[in-house]
Amino acid sequence: MNNTADLIIIGGGVIGSSVAYNLLHDGYTGKILVFEKDKIYEFSSTPRSAGGIRQLYTTDINIQLSRFSLQVYKHFPEAMALDGEPAKIDFKQRGYLFLATEEMMPRLDRHVELQHKHGVPSQLLQKRELLDIIPELNIDDLAGGLYCAEDGYLDPYSVMQGYIRNAKRLGAEYIYQEVEAILCDQEEVKGVRLSDGSEYYAPIVLNCAGAWGSDLSEKMGLALPVVPLPRQVFQFDIEEPLKQYLPLTIDPTGVYFRHEGEKLIAGYSDDREPGFDFNWKRSFFVEQIWPVLAHRISNFEQAKIERGWSGLYDFNTADHNAILGKHPGKKGYYVAFGFSGHGMQQAPAVGKGLSELIRTGKYQTLDLSPLRVERFAENDLVIEDAIV
Ligand SMILES: Cc1cc2nc3c(=O)[nH]c(=O)nc-3n(C[C@H](O)[C@H](O)[C@H](O)COP(=O)(O)OP(=O)(O)OC[C@H]3O[C@@H](n4cnc5c(N)ncnc54)[C@H](O)[C@@H]3O)c2cc1C
């Protein structure tokens, strides 16, 4: 029967496709079906991401995930080449920089200590050293910053396409239809029902549906604390170019900015109501982002906004981190969502980890169990101090 498989993945974004690719690359011989409802990925979070890749985290697990993934991204073009054509992802290792006020500095001391324990070459910068990185920076109200030169930003859509193409090459089958419900009985999952009523069966169903993931889980009575949270990004141009390309820079206010080609992009995580809202507002840039940009770099005073977009974080309201692995509520049900705005920098490591878990029953390369589903019931949350 062609409607049976060994593994069904719901969601063919960067996470679902990384898992599919890693499984097959690691020798999985089962049949994988990936269901994706948005064939052109118009509303998926991956292509709407800012593409920041950083190791500047404050928990062991997030540092480990990013550190592993960064190595993968460095070699992605060759490793994922197809027919000799490199899988270009435009990874610019121009650094990542958190700017800090006087009162923020002691916290950064603690962060850098943990990062160094994991081999991350992060550096605490003093006020004047910031000007070596961004000569035009207004440092009047800053005391220093936390910088990692190895980090940077990439093109999320190309990463996703690299995983999709290679997953397909290795045998994953993508079906561009919407999963309406996950089928299960009292004990275990059985497969999925599509919105056209057809059913597909597999003993393992992996929910990688991102911002839509918790709805599907809730329908089977296994709610997880994840909501869709709209986030806006804006592209703008300036008349007087900066002397150097920017690292992905986070202002103390939370406004972030970086180069995008010769242009710039900026974003800010404001207090928004959860929901599936894809509208972006020029007024949000003008009123909330632009004043911060203009204060920080005088070249930004003349910012000409060119376009904007809004995408969804799959936002974990309990501890703002991914939820990974087997769901204890139902045999055969696995999840990988809740990334809360840092899924791009975790996709390679998550793909590897779930490949190991599904193939061998345990994590091998990295222990991803701190991000297990059970942590909510056990009150063993992963509290990350550096969420953007
Ligand atoms: C504005 C913005 C900025 C961001 N910036 C960064 C950043 O700088 N760095 C970083 O690391 N991360 C960033 N992120 C987060 C990152 O983009 C996500 O964590 C990551 O893309 C999640 O990938 P995913 O595959 O889980 O989700 P998605 O790309 O959304 O893929 C999930 C897929 O599931 C499909 N789907 C959903 N329901 C169903 C269904 N019922 N049936 C079939 N298919 C279904 C959807 O169509 C979708 O394609 C940002 C996100 C946004 C929105």
If we ask which residues in the range 211-227 are open to solvent by 20 Å² or more (accessible area, probe 1.4 Å) and within 11 Å of the ligand (Cβ to nearest atom), their number turns out to be 3
Flagged in the range 253-274 as within 17 Å of Glu136 (Cβ to Cβ) and either open to solvent by 20 Å² or more (accessible area, probe 1.4 Å) or among the aromatic types (Phe, Trp, Tyr) (or both), in numbering order, are Tyr256, Phe257, Glu262, Lys263
Within the range 131-158, residues being within 30 Å of Val72 (Cβ to Cβ) and outside any loop (DSSP other than H, G, I, E, B) number 11
Among the residues of the range 279-302, is any at pLDDT 95 or above and within 11 Å of the ligand (Cβ to nearest atom)?
-> yes
Subset of the range 331-388, residues farther than 27 Å from Ile32 by Cβ, of a type in the set (D, E, K, R) and surrounded by 16 or more Cβ atoms within 10 Å (Cβ to Cβ), comes to Arg375, Glu384
When the range 6-41 is checked residue by residue, the ones that are away from the ligand (no atom under 15 Å from the Cβ) and part of a loop (DSSP other than H, G, I, E, B) are Asp6, Asp26, Gly27, Tyr28, Thr29, Gly30, Lys31
Residue set Thr46, Thr58, Thr101; condition in contact with a helix residue (DSSP H, G or I) (Cβ under 6 Å, 6 or more places away or on another chain), more than 9 Å from the ligand (Cβ to nearest atom) and farther than 27 Å from Pro203 by Cβ; output residue Thr58
Among the residues of the range 276-308, the number that are open to solvent by less than 40 Å² (accessible area, probe 1.4 Å), of a type in the set (A, V, I, L, M, F, W, C) and not in a loop (DSSP other than H, G, I, E, B) is 9
When every residue in the range 160-202 that is acidic (Asp, Glu) and without any contact (Cβ under 8 Å) to a residue 40 or more places away in the chain is compared, the one nearest to Tyr334 (Cα to Cα) is Asp185
When (1) open to solvent by 40 Å² or more (accessible area, probe 1.4 Å); (2) among the acidic types (Asp, Glu); (3) more than 30 Å from Glu85 (Cα to Cα) are applied to Glu173, the one that fails is (3)
Just one listed residue, out of Leu97, Leu70, is modelled with pLDDT of 95 or more, within 29 Å of Leu229 (Cβ to Cβ), surrounded by 24 or more Cβ atoms within 10 Å (Cβ to Cβ) and aliphatic (A, V, I, L, M), and it is Leu97
Original post:
Hey, any hits in the range 36-49 for a residue that's among the hydrophobic types (A, V, I, L, M, F, W, C) and within 17 Å of Pro228 (Cα to Cα)?
Top reply: yes
The lone condition Gly52 fails out of (1) within 14 Å of the ligand (Cβ to nearest atom); (2) of a type outside the set (Asp, Glu); (3) over 19 Å from Gly338 (Cα atoms) is (3)
Practice problem: May I ask you to verify whether Val233 is within 18 Å of the chain's Cα centre (by Cα) and open to solvent by less than 10 Å² (accessible area, probe 1.4 Å)? | Solution: yes
Only one of Ile182, Ile164 is outside the structural domain of Gly261 (by TED's automatic domain parsing), within 16 Å of the ligand (Cβ to nearest atom), in a strand (DSSP E or B) and surrounded by 14 or more Cβ atoms within 10 Å (Cβ to Cβ), namely Ile182
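The values are calculated or read from the model by the stated rules, or taken from the named source; none is laboratory data. Here the structure is a predicted model, which means the values were calculated and not measured. Note that each Cβ is placed from the backbone with ideal geometry, even for glycine, and that neighbours are counted across all protein chains shown. To get the accessible areas, we keep the full protein, side chains included, count just its heavy atoms, and leave off ligands, DNA and RNA. Shrake-Rupley method; radii C 1.70, N 1.55, O 1.52, S 1.80 Å.
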